[in-house]
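Accompanying notes for the structure given below.
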Amino acid sequence: MISKAEEIPNRFDFATEAPRLLDAWESHGCFQADPNPQKTPFTIVIPPPNVTGALHLGHALNNTLQDILIRWHRMQGHESLWIPGTDHAGIATQAVVERRLKELENKTRHDLGRESLVQRIWEWKDQYEARILQQLKRMGCSCDWRRTRFTLDPMCARAVRTTFFDLFRKGWIYRGKRLVNWDTFLQTAVSDDEVFHETIKGHFWHLRYPILDSRPGDPDFAVVATTRPETMLGDTAVAVHPEPAKALDLVEADLQAKLAGASAKDRPALELQLQELQQRRENLLPNLIKLADMAKRGVQLRLPLANREIPLICDPWAKPELGSGCVKITPAHDPNDYEVGLRCQLPMLNILHPNGTLNENAGAYAGLTIAKARNKVVADLETQGFLVQVEDREIDLAHSDRSKTPIEPYLADQWFVRMDRLAQMAMDAVERGRVKIVPERYARGYLDWLSEKRDWPVGRQLWWGHQISIWSKPFNSRESCEAAQHAIERWPEFAQGKIACSIEEPHLLHVCVRDEDEPIQGKLEKEEFVRQEDVLDTWFSSALWPHSTLGWPEPTPELKYFYPTSTLITSRDIITLWVARMVLMGLNNVGEVPFREVFIHPKILDGFGETMSKSKGNGVDPIDIIDRFGPDALRFGLAWLTTETQDVRMPVQYECPHCQALIAQSKENRQLARIHCEKCGEAFSTQWAESEEDKALLRGAVVSERFEVARNFCNKLWNASRFVLMNLEGFQAGSVPSSDLRLEDRWILSRLASLTRNVTESLRHYRYAEAARELYEFSWDQFCSYYVEMAKPRLANPEHRATVQRVLAHTLDVTLRLLHPVIPFVTEAIWQHLNQIAPQRSIRESESPEPEPWLIRATWPTAHLQDIDEAIERQFAMFTSVVGAVREVRARQGVAPRELIRFVVQCSDDMAMLLKDMGPFFSSLANAQCLEAGQHAPLPALRAHVALGQADVFVDLSGLVDVDAEISRNEKLLENLTKQIQSKQNKLNNENFVSRAPADVVAKERDSLHELAHQKSAAEEVLAQLRSSKGV
RNA sequence: GGGCGAAUAGCUCAGUUGGUUAGAGCGCUACUCUUACAAAGUAGAUGUCGGGGGUUCGAGUCCCUCUUCGCCCACCA
């Protein structure tokens, strides 16, 4: 530790200081929180980052905002707990590891087997978890690291099994058929978010299915159209709308309504649609009506190629306004058809093997791949005369994000959680204000999504995750199944509440086991029960996060004290997936909401307005920013950007490791593994480097200029503090009697009180940017630019020195406290220095000394509202504008900074008194001297004039004048003033304005007009005088 | 298709309940190494507040509409 202020370097060395401070905080247990009845708890659980990869700036933002709250509440005397951890992220992590396995060893997961693959994923997890935690630490996140959790660790696993068992016993877990997105290449189901759509050129095949028993006058075939002809082998019906005429009427009415309100531009397109509809009415409708009647009669069709009989049915899914008006129904291979199948109780005929070839249900086509089957089916249909027409058509085809192959909808068994009751609880919690979502508008999406109460498919055909704890056994009959159930219900474990049973139609017995209990599992396996292979959706364990991390289902002291947590801070895209599910699981398991408030923060976008993601290659490692700008700059920069409405756009650059040149990241270069510097021509690697050759190159960091503001701010604070420290020699602690306080002291204390109040208020409402801006402006524009500058002459004056020292130390003290949650490192470092030189910095008798040697544990300041003094602030503003006026004239006249400027101020006597006191500051702030001030102060012969509302500043230009510059400036000013006066006069001459606007607004306008007139006459006078001096 | 949000200086963004001539940072220009800080200081230039209507004495701000962009949800025989 440096003891002499003079030895403090003029840059904060965050590279060595930050790790030192982190160690100190940690070794003093500053991040730890434990149940403490003396204190109010404040709790946040981290949104656990996925162990798929390292954190990017979006995470940095999320975690910075959390740490700011945590540190702020800690200073407010709350028992402030931040629980860290990571998420196993089922599909995503397994896919990453599988892809590497394929790339590096050319193996699939089946080559390795379940156990061995899971082992590999654990290794991956260990590596990335360590990296993620390290990133968080370097950002200064003050998590209680002792409590670090992982969604697959034993504590979370226990919570998961207990929850699953509870839901099972309540009858809210069931198994049903569901269409999944099947990746035939990887032979796994993928979630909706892992599917991307790509428009490809395809065809629309119109097929003709013969009607078996049509009566005379009835059509003897139905035409259907499809983009996937091979699926016709799995058709189990053809549907037609039950009331095609009515349906068409509705569509037409809708179109007419649109047309009525349409702009001229949209009209033609709508009119065309209407025409087509009319034609359709003429050409197709009679046929459709007949078909609908036939369907109601129970007519059968013959499915070509398969030679099966399938029914013609009525279902509103068949839209008369589309295609042929009839639609083939393939329940096992199309989501909508599946719904129709359920409604109409159609058979579900699966024609696919998991590997994407056709199965025995496809008859002669069994064994073919989908592509081959398609060709053959089309060819056969054509030769047999069932193909009516082939259209070219662009199709939006679903592809798997993993394998890039087309997705096949595939009917699979799936576990579900019944959502009706759970969703209702979660809706009530938000509607009744037990959980408050900020900004409020996000509550809408939450409620809309929950109100659908769609059952939650929780099974995943994966190996990485919580394996479902259900053992199942098929029986031959209902009777034998029930007998087995009764037998199991006589086991002691049943009475002990450790197992539960359910029967799936027709006679499959499921046994759910609560704990990881080997004897029970052994018993079940002996009875030939087989464990379900599926693992749970990763969101299932995430949904328990706020209570599982606190030890639930054990009634731990932590759970009792810290639950419900205080605030959840997250990003808007997981409000439904995660936030809603945490609410309902918290209510179900603990009987209380998981958090009181949810703050949804903006998203960080790249320079092109796209979200940051690994796959796009536009992610930025916060460590790159920390290395270049420091952790405080990262944090302050992010807080500075966190406004309520705007996402954050962040153009980034590569930093050449050879010459430090910055190369803008473009859509072209953002995925390259290697880049050649535009300046020095040397090559460097990026985060995408995979090959040994690329990895051997130096890595170029990705940085953004947007953190410069923050870095500069930290530097400013550091140096201002250095100044204070260097000038505290002989510091004597003690209160300052108000009689000793001068204008500038009262002013800075007034500003400080406002700042304290405003920052506290901003943080309370999650207005981070506002807090950051207030702190920035106070520290820089008020404290540094004015108070510190004005302290300089006073420090040299023995009469004032002690008072100034105390106010300086006190103001810095409070500022550091207010800044600490945002920029913890630099403030703590300064605090440590300050403690050595001026350990006691209060200027009030009533305040007890701060007992804390560490800023991180110091007390959050209270705003001394009695210090706020508007009159003082007005006076001070007048002073600063006089300074500004003199500086302005100096710049305009090109007077060298060394040269003294003299000036006179015409103003009220009160103000003259004030300005007289400020004499020394004109010298130190503007190298100027106020010759006279007062109502009748004599004016210098040759002068420049600046009007300031309540005063007129006249700068003596004798000897230094650039008369022409002054004349042209005054001419311009005059022109401007004339314009403004004109506009004001117009306004005041407007009878409506004078009579309708509030009196104070009118009065203000009158004052302002008066003022402008005064300025105008002064300018005219100065101009005349300048002209005459030139002899013009 | 439904919902939400955004559009303000060259760039990135503020702008509280409508009320003088719309702000900040970066960048730009000029001048300063003045003993805390050149990552600084002083001064300066830069705007059809996306377009069009409307309400109002008065609109960046409120209403309608259009355009563009982003996000979420749904759907696409």
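Candidates A:Ser735, A:Ser754: the one that is at pLDDT 90 or above, farther than 25 Å from A:Ala912 by Cβ and among the polar types (S, T, N, Q) is A:Ser754.
Residue by residue, here is whether (1) open to solvent by 10 Å² or more (accessible area, probe 1.4 Å); (2) not hydroxyl-bearing (Ser, Thr, Tyr) holds:
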| site | (1), (2) |
| --- | --- |
| A:Val814 | yes, yes |
| A:Arg817 | yes, yes |
| A:Ile823 | no, yes |
| A:His833 | yes, yes |
| A:Ser846 | yes, no |
| A:Arg857 | yes, yes |
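Scan the range A:541-550 and tell me whether some residue there is open to solvent by 10 Å² or more (accessible area, probe 1.4 Å), in contact (Cβ under 8 Å) with a residue 12 or more places away in the chain and among the β-branched types (Val, Ile, Thr). First the steps, then the outcome.
Applying the first criterion (open to solvent by 10 Å² or more (accessible area, probe 1.4 Å)) to the range A:541-550 yields none.
No, the range A:541-550 contains no residue that is open to solvent by 10 Å² or more (accessible area, probe 1.4 Å), in contact (Cβ under 8 Å) with a residue 12 or more places away in the chain and among the β-branched types (Val, Ile, Thr).
For the range A:382-397, the condition holds for no residue, the condition being that it is under 15 Å from A:Asp183 (Cα atoms) and not aliphatic (A, V, I, L, M).
Considering A:Gln187, A:Gln135, the condition of being open to solvent by 30 Å² or more (accessible area, probe 1.4 Å) and not hydrophobic (A, V, I, L, M, F, W, C) is satisfied by A:Gln187 alone.
Residues that are free of Cβ contacts under 8 Å to residues at least 40 places away in the same chain and within 16 Å of RNA strand B (Cβ to nearest atom): does the range A:391-405 have at least one?
Step one: list which residues in the range A:391-405 are free of Cβ contacts under 8 Å to residues at least 40 places away in the same chain, which gives A:404.
Those left that are additionally within 16 Å of RNA strand B (Cβ to nearest atom): none.
Scanning the range A:391-405, I find no residue that is free of Cβ contacts under 8 Å to residues at least 40 places away in the same chain and within 16 Å of RNA strand B (Cβ to nearest atom), so the answer is no.
The residues of the range A:658-687 that are among the charged types (D, E, K, R) and at pLDDT 80 or above, listed by number, are A:Arg674, A:Glu682.
Given the residues A:Ala689, A:Ala696, A:Ala701, which is the only one that is within 16 Å of RNA strand B (Cβ to nearest atom) and among the small types (Gly, Ala, Ser)? Break it down into steps so the answer makes sense when it comes.
Values: A:Ala689 fails: within 16 Å of RNA strand B (Cβ to nearest atom); A:Ala696 fails: within 16 Å of RNA strand B (Cβ to nearest atom).
Going through A:Ala689, A:Ala696, A:Ala701 in turn, just one is within 16 Å of RNA strand B (Cβ to nearest atom) and among the small types (Gly, Ala, Ser): A:Ala701.
Working only within the range A:89-127, note down all residues that are of a type in the set (Ser, Thr, Tyr) and over 25 Å from A:Val195 (Cβ atoms). Break it down into steps so the answer makes sense when it comes.
Just the residues of the range A:89-127 that are of a type in the set (Ser, Thr, Tyr), to begin with: A:93, A:108, A:116.
Within the range A:89-127, just A:Ser116 meets the criteria.
Taken over the range A:218-250, the criterion of being part of a helix (DSSP H, G or I), under 24 Å from A:Gly356 (Cβ atoms) and either open to solvent by 20 Å² or more (accessible area, probe 1.4 Å) or within 12 Å of RNA strand B (Cβ to nearest atom) (or both) is satisfied by A:Pro229, A:Glu230, A:Thr231, A:Met232. Filtered by the rule that a residue be among the polar types (S, T, N, Q) and part of a loop (DSSP other than H, G, I, E, B), the range A:846-870 gives A:Ser846, A:Ser848, A:Thr859, A:Thr862.
Residues in the range A:629-636 include at least one that is touching a strand residue (DSSP E or B) at 6+ places or on another chain (Cβ under 9 Å) and closer than 30 Å to A:Pro19 by Cβ.
Looking across A:Leu931, A:Leu900, A:Leu925, one residue alone is of a type outside the set (Phe, Trp, Tyr), surrounded by fewer than 20 Cβ atoms within 10 Å (Cβ to Cβ) and under 21 Å from A:Ser785 (Cα atoms). It is A:Leu900.
Quick one: is A:Trp415 more than 26 Å from A:Glu198 (Cα to Cα), open to solvent by less than 60 Å² (accessible area, probe 1.4 Å) and modelled with pLDDT under 90? Even if it seems obvious, please write down each step before you answer.
Values: more than 26 Å from A:Glu198 (Cα to Cα): yes; open to solvent by less than 60 Å² (accessible area, probe 1.4 Å): yes; modelled with pLDDT under 90: yes.
So A:Trp415 passes the test.
Within the range A:313-372, the set of residues being under 11 Å from A:Thr236 (Cα atoms) and among the small types (Gly, Ala, Ser) comprises A:Ala332, A:Gly341.
All conditions in (1) open to solvent by 20 Å² or more (accessible area, probe 1.4 Å); (2) of a type in the set (Lys, Arg); (3) modelled with pLDDT of 90 or more hold for A:Arg71, with the sole exception of (1).
Just so you know, in the range A:190-217 the residues that are small (Gly, Ala, Ser) and away from RNA strand B (no atom under 16 Å from the Cβ) include one that is least open to solvent (accessible area, probe 1.4 Å), and it is A:Ser214. Please tell me if A:Val889 is surrounded by 19 or more Cβ atoms within 10 Å (Cβ to Cβ), in a loop (DSSP other than H, G, I, E, B), within 16 Å of RNA strand B (Cβ to nearest atom) and among the aliphatic types (A, V, I, L, M). Answer is no for this residue.
May I ask you to verify whether A:Phe529 is of a type outside the set (Ser, Thr, Tyr) and open to solvent by less than 30 Å² (accessible area, probe 1.4 Å)? The answer is yes for A:Phe529. One residue is enough: does the range A:818-834 have a residue meeting the conditions in a loop (DSSP other than H, G, I, E, B) and at positive phi? The answer is no; no qualifying residue exists.
Considering the range A:892-929 alone, what residues qualify as being among the polar types (S, T, N, Q), within 16 Å of RNA strand B (Cβ to nearest atom) and farther than 22 Å from A:His800 by Cβ? Please lay out each step first, then the result.
Of the residues in the range A:892-929, the ones among the polar types (S, T, N, Q) are A:893, A:906, A:908, A:923-924, A:927, A:929.
From what is left, the residues that are within 16 Å of RNA strand B (Cβ to nearest atom) are A:893, A:923-924, A:927.
Scanning the range A:892-929 gives a single hit, A:Gln893.
In the range A:653-670, the residues that are free of Cβ contacts under 8 Å to residues at least 12 places away in the same chain never reach a residue that is among the hydroxyl-bearing types (Ser, Thr, Tyr) and surrounded by fewer than 15 Cβ atoms within 10 Å (Cβ to Cβ) with C-beta atoms less than 9 angstrom apart, at least six apart or across chains.
When only residues in the range A:638-656 that are outside any loop (DSSP other than H, G, I, E, B), more than 10 Å from RNA strand B (Cβ to nearest atom) and within 20 Å of the chain's Cα centre (by Cα) count, which is surrounded by the most Cβ atoms within 10 Å (Cβ to Cβ)? Don't jump to the end; show me each part of the working.
Filtering the range A:638-656 down to residues outside any loop (DSSP other than H, G, I, E, B) leaves A:638-641, A:648-650, A:653-655.
With the extra rule that they be more than 10 Å from RNA strand B (Cβ to nearest atom), the set shrinks to A:638-639, A:653-655.
Filter again for within 20 Å of the chain's Cα centre (by Cα), leaving A:638-639.
Working: A:Leu638: 32, A:Ala639: 24.
The residue in question is A:Leu638.
Within the range A:778-796, which residues are more than 10 Å from A:Glu744 (Cβ to Cβ), among the hydroxyl-bearing types (Ser, Thr, Tyr) and more than 7 Å from RNA strand B (Cβ to nearest atom)? Working first, answer last.
Just the residues of the range A:778-796 that are more than 10 Å from A:Glu744 (Cβ to Cβ), to begin with: A:778-785, A:788, A:792-793, A:795-796.
Narrowing the set further to residues that are among the hydroxyl-bearing types (Ser, Thr, Tyr) leaves A:779, A:785.
Within the range A:778-796, just A:Ser779 meets the criteria.
Would you call A:Thr803 among the polar types (S, T, N, Q), open to solvent by less than 10 Å² (accessible area, probe 1.4 Å) and part of a helix (DSSP H, G or I)? No.
The values are calculated or read from the model by the stated rules, or taken from the named source; none is laboratory data. Note that the structure is a prediction, hence the values are computed from the model and not measured. Because the Cβ atoms are built from the backbone with ideal geometry, glycine has one as well, and the counts that use them run over all protein chains shown. Heads up: the accessible areas ignore ligands, DNA and RNA and are worked out on the full protein's heavy atoms, side chains in. Shrake-Rupley method; radii C 1.70, N 1.55, O 1.52, S 1.80 Å.
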